[in-house]
Amino acid sequence: MSVLQEVKTLTINGREASARGDETILEIAREHGIFVPTLCHLHGLSPVGGCRLCLVEVEGANRLLPACTTRVGEGMVIRTDSDRLKGYRRMILELFLSERNHTCSVCVSNGYCELQSLSRDAGITHVRVPYRYQRYTVDASHELFVADQNRCIMCTRCVRVCEEVEGAHTWDVQGRGIEARLISDMNESWGDSDSCTSCGKCVQVCPTGALSEKGKSVAEMSKRKQFLPYLTLMRDKWK
Amino acid sequence: MTPNNKGRAGNGNGGGNGPGSRPAADHCVRVCKAAGCVSAGSEEVFAALSDALKQSGQSVNCEVKGAGCMGLCAAGPLVSVEPEGTWYREVTAEDAPAILNSLGGEIVERLHLPTNTPFFERQERIVLENMGRIDPERLQEYLDADGYAGLNKALTEMGPAEVIDEITQSGLRGRGGGGYSTGLKWGTVAKAVGERKYVVCNADEGDPGAFMDRCILESDPHRVLEGMAIAGYATGASQGYVYIRAEYPLAISRLRSAIRQAEREGYLGNRVCGTPFSFTVEVRLGAGAFVCGEETALIHSIEGQRGTPRSRPPYPAQQGLWGCPTLVNNVETLANIPSIVRKGSAWFASIGTEHSKGTKVFALAGRVNNTGLIEVPMGISLREIIFDIGGGIPGDHTCKGVQTGGPSGGCIPADCLDQPVDYESLAGLGSIMGSGGMIVVDDTSCMVDVAKYFMEFCMSESCGKCVSCRAGTSQLFDLLDKITKGEASEADLALLEELCDLVKHTSLCGLGQSAPNPVLSTLRYFRDEYLSHIVDKECPAGVCSIHRDVEAAV
Ligand SMILES: Cc1cc2nc3c(=O)[nH]c(=O)nc-3n(C[C@H](O)[C@H](O)[C@H](O)COP(=O)(O)O)c2cc1C
Ligand code: FES
């Protein structure tokens, strides 16, 4: 038996739990009905640890650890809900909201947006840092879909689903820091992309209104992510 | 030191580096060929000296040779004359005949650079021991200076575990910033299971103003290769990569020719030094992104991916290049290895303080008289560095502090200058040892402006993968900008502190985790300067232009 499959025992929010060595803290938390907010994580895609919402406290670790990428260890003592973590999560959500343009009232995903629901749950009524309102042109060149980077939070779920599940690698990231943004193919408009198979997986995994189907109006774009667990299950079963 | 072919490997074909049977000349004139002096015109000086020597019809028995960085870059181009040990400063091509004519007689007084000054005498050289003394482009000169003797000793007299033990005993800690024990890291890689393992030399050196690693590679490239080969032997790796930024063309070409020479003479390649050990080194060029110095981003970059860091663990020692155990060490760390193996761990451990052994190379810059490259024993005080070696502050200005560790470090105020330079005490002061950038700040600088400069750097070098660093550094920069313009309120100061705490504790990699350090340390020691900008709308140093109409509007 590989070391990773050994059973570990640990404590999470004061409750004792057991886990397989190859499980992440996030998986264990979810198994035990403990809610840890996430935006970049999506079951079935490789974890990146970019949104920093899932950070948890682990006793003895010299810094906060992302639950989505950290494997459990024997005897770990984990806290997911301290006031300090709640304070950080709130500020991180505010940073997300300040980066581009998240005016919900005119967004296709109003009511279905993960950023919106996490912010509502965190009780965010206003943003303390100034809005940056970076301006991006909307790419409506694809016959079925629209990309509006003004709503993008750089979670890179679309990049990963396109590369890891569809195998097309249409999406990637260009630029650094606050200038980083999504591009399709070699920075061409989406409609001109040779690699895009128009499968729409990127649209369905996008947590906000950045990628949407054409013809959807305000508050009409609900996403169907169910395909991903199914594909993952089949993939793992026949591996 | 005898110039016999000590440690020379079996399959060498003679190469082109041998001194032959030519007797040594009476005098050797060396011209610094490192980037600082080259940019001041040392190539022309070298050509002029060679021409003048030819024209003199060999009436003087003399050789003209190149040399690596001689240290006092501020006075370049530098020229030295051996065996007299005379140094000349700010030499021009026209000075060539005068220097040649002086050989064996009176020195050229107007160019003379005395070397009995604290700048030279207070330094202790291990990593830089060959700098200015050997021609970096000639393997034979490195061999004559005991080069590759450490590798030969490791391969023929020691087992891999013994080498690791020796490095652990020496107390050497990583010089790339973190200060992690080098021996422990080597031990982890050696123990990690994997068919293939790699050694990576981190020569990305992204810290603005720092040029230690560049100088080492330009002046003594074989030393780093020897360190890598020893590391490969100790950890069980047979392939090494040097990741170096493309902005260092001179270092790259020296490194490449050093690799070719070492391969030809059997110090790299198959059957190193005639033993079963094989080790090859390849050079990988980076596009000069600060974040690519972070080890996981560096590994992604070598693999041909976008240079973004990933969460650790797993550490590269377990899963690095292409998933194989990988040792990542800094240039200076590796450059210490040959001396430790050659002279023993006890010798190395006798230098420095209890927890910080050996020496550290610093690039001394900013408001100080002697800017340049220095190597000092650990434990020396900052005051000695700035006032003895650095020759103090130019003009009648007073020293306000010193920034160590570049954009990841902090500013240490003038009243803490008596603290010793070691990993723990610098960390206690809110800064870090860093990779060796040291910028002296005097009363003409505004500390808010200094903090803003480093934040701007971090903001533009952030990779954009995690939100805390991507959005956090840009919000921090905007806040600092607002303060320097006199537009900020005390609420903004509170927000600045809250954001610093967030970015420090929630960012994915070291870039974001350390980006707030310059702000936090200036807030700790120079809070009154922030308050002057905010409350009195005034910049005490007169650096920031605060528009009065803003005040009127408020
Ligand atoms: C943003 C960032 C930049 C870094 N840049 C460098 C660098 O330029 N050179 C370097 O040797 N280490 C750099 N490091 C440290 C490396 O990640 C790594 O710790 C180091 O190369 C390990 O070598 P050492 O143990 O010999 O110090 C950087 C780290 C961070 C977080
Ligand atoms: S879900 Fe873990 S960092 Fe985003």
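The values are calculated or read from the model by the stated rules, or taken from the named source; none is laboratory data. Note that the coordinates shown come from a computational prediction; the quantities given were computed from them, not determined experimentally. Every residue, glycine among them, receives a Cβ derived from its backbone with ideal geometry; neighbour counts consider all protein chains shown. Ligands, DNA and RNA are stripped out before the accessible areas are found, and what is left, the full protein with its side chains, is counted by its heavy atoms. Shrake-Rupley method; radii C 1.70, N 1.55, O 1.52, S 1.80 Å.
For B:CYS292, the stated conditions hold: it is within 18 Å of B:LEU321 (Cβ to Cβ) and touching a residue at least 60 places away in the same chain (Cβ under 8 Å).
Tell me, please, whether a residue that is in contact with a helix residue (DSSP H, G or I) (Cβ under 9 Å, 6 or more places away or on another chain) and within 15 Å of ligand 1 (Cβ to nearest atom) can be found in segment B:262-278. Within segment B:262-278, none of the residues are in contact with a helix residue (DSSP H, G or I) (Cβ under 9 Å, 6 or more places away or on another chain) and within 15 Å of ligand 1 (Cβ to nearest atom). Can you confirm whether A:THR24 is more than 16 Å from ligand 1 (Cβ to nearest atom), under 30 Å from A:THR208 (Cα atoms) and either open to solvent by 50 Å² or more (accessible area, probe 1.4 Å) or within 18 Å of the chain's Cα centre (by Cα) (or both)? Here the answer is yes, as A:THR24 does meet what is asked. The residue of segment A:94-112 that is nearest to the other protein chains (Cβ to nearest Cβ), among those that are of a type in the set (A, V, I, L, M, F, W, C) and in contact with a Gly (Cβ under 7 Å, 6 or more places away or on another chain), is A:LEU95. A:VAL129 meets all of the listed conditions (1) under 25 Å from B:LEU499 (Cβ atoms); (2) open to solvent by 10 Å² or more (accessible area, probe 1.4 Å); (3) not small (Gly, Ala, Ser) but one, namely (2).
Report those helices (runs of 4 or more DSSP H) wholly inside segment B:133-236 carrying at least 3 residues which are polar (S, T, N, Q). Write out each step before concluding.
Values: elements: B:139-144, B:149-157, B:160-170, B:182-191, B:212-219, B:221-235.
Here the list reads B:160-170.
When the residues of segment B:345-361 are filtered to those that are touching a helix residue (DSSP H, G or I) at 6+ places or on another chain (Cβ under 7 Å) and assigned to a strand (DSSP E or B), the one that is least open to solvent (accessible area, probe 1.4 Å) is B:VAL361. Could you tell me whether any residue of segment A:81-102 is over 20 Å from A:CYS40 (Cβ atoms), modelled with pLDDT of 95 or more and of a type in the set (A, V, I, L, M, F, W, C)? Among the residues of segment A:81-102, not one is over 20 Å from A:CYS40 (Cβ atoms), modelled with pLDDT of 95 or more and of a type in the set (A, V, I, L, M, F, W, C), which makes the answer no. Scan segment B:444-467 for residues that are away from ligand 1 (no atom under 14 Å from the Cβ) and among the small types (Gly, Ala, Ser) and the total you get is 2. Within segment A:32-51, residues that are at the interface with chain B (Cβ under 10 Å from one of its Cβ atoms) and within 6 Å of ligand 2 (Cβ to nearest atom) have Cβ atoms under 7 Å from residues that are open to solvent by 10 Å² or more (accessible area, probe 1.4 Å) and polar (S, T, N, Q) in these pairs: A:CYS40/A:THR156; A:GLY49/A:THR69; A:GLY49/B:SER311; A:GLY50/A:THR156; A:CYS51/A:THR38, counting only partners at least 6 apart in sequence or on another chain.
B:ALA491 meets the stated requirement of being out of contact with any helix residue (DSSP H, G or I) (no Cβ under 6 Å at 6 or more places or on another chain), within 10 Å of another protein chain (Cβ to nearest Cβ) and part of a helix (DSSP H, G or I). So, of the residues in segment A:56-93 that are more than 9 Å from chain B (Cβ to nearest Cβ), within 19 Å of A:ARG120 (Cα to Cα) and open to solvent by 50 Å² or more (accessible area, probe 1.4 Å), which turns out to be farthest from ligand 2 (Cβ to nearest atom)? Filtering segment A:56-93 for residues that are more than 9 Å from chain B (Cβ to nearest Cβ), within 19 Å of A:ARG120 (Cα to Cα) and open to solvent by 50 Å² or more (accessible area, probe 1.4 Å), the one farthest from ligand 2 (Cβ to nearest atom) comes out as A:ASP83. Within the set A:ARG71, A:ARG63, the sole residue that is under 17 Å from B:ARG310 (Cβ atoms), within 16 Å of ligand 1 (Cβ to nearest atom) and not aliphatic (A, V, I, L, M) turns out to be A:ARG63.
Can you name the residue in segment B:251-275 that is of a type outside the set (D, E, K, R) and not in a helix (DSSP H, G or I) and, of all such residues, is most open to solvent (accessible area, probe 1.4 Å)? Step by step, filter segment B:251-275, then rank; the result is B:ASN270. For segment B:63-99, the set of residues classified as open to solvent by 10 Å² or more (accessible area, probe 1.4 Å), among the hydrophobic types (A, V, I, L, M, F, W, C) and more than 28 Å from the chain's Cα centre (by Cα) consists of B:ALA93, B:ALA98, listed by residue number. Of all residues in segment B:172-187, those that are closer than 18 Å to B:ALA427 by Cα have Cβ atoms under 6 Å from Cβ atoms of residues that are more than 6 Å from ligand 1 (Cβ to nearest atom) and of a type in the set (D, E, K, R), 6 or more apart or on another chain, in B:ARG175/B:GLU332; B:GLY179/B:ARG173; B:SER181/B:ARG173.
Could we say that A:ALA180 is under 26 Å from A:SER117 (Cβ atoms) and within 14 Å of chain B (Cβ to nearest Cβ) here? Give the steps one after another, and end with the answer.
Working: under 26 Å from A:SER117 (Cβ atoms): yes; within 14 Å of chain B (Cβ to nearest Cβ): yes.
Here the answer is yes, as A:ALA180 does meet what is asked.
Considering only segment B:383-390, I want to know if a residue exists there that is farther than 29 Å from B:THR168 by Cα, outside the structural domain of B:MET212 (by TED's automatic domain parsing) and under 15 Å from the mean Cα position of the chain (by Cα). For segment B:383-390, residues farther than 29 Å from B:THR168 by Cα, outside the structural domain of B:MET212 (by TED's automatic domain parsing) and under 15 Å from the mean Cα position of the chain (by Cα): absent. A single member of B:TYR248, B:TYR243 is within 14 Å of ligand 1 (Cβ to nearest atom), farther than 16 Å from B:TYR142 by Cβ, open to solvent by 20 Å² or more (accessible area, probe 1.4 Å) and within 15 Å of the chain's Cα centre (by Cα), and it is B:TYR248. Taking (1) under 28 Å from B:GLN305 (Cα atoms); (2) among the aliphatic types (A, V, I, L, M); (3) touching a strand residue (DSSP E or B) at 6+ places or on another chain (Cβ under 9 Å) in turn, A:ALA140 satisfies each apart from (1).
Can we say A:VAL108 is touching a residue at least 24 places away in the same chain (Cβ under 8 Å), open to solvent by less than 20 Å² (accessible area, probe 1.4 Å) and assigned to a loop (DSSP other than H, G, I, E, B)?
Values: touching a residue at least 24 places away in the same chain (Cβ under 8 Å): yes; open to solvent by less than 20 Å² (accessible area, probe 1.4 Å): no; assigned to a loop (DSSP other than H, G, I, E, B): yes.
Answer is no for this residue.
When each of B:ALA471, B:ALA427 is tested for being in the same structural domain as B:GLY390 (by TED's automatic domain parsing) and in a helix (DSSP H, G or I), the lone residue that passes is B:ALA427.
Put simply, of B:ARG342, B:ARG312 the only residue that is part of a loop (DSSP other than H, G, I, E, B) and either surrounded by fewer than 18 Cβ atoms within 10 Å (Cβ to Cβ) or of a type outside the set (Asp, Glu) (or both) is B:ARG312.
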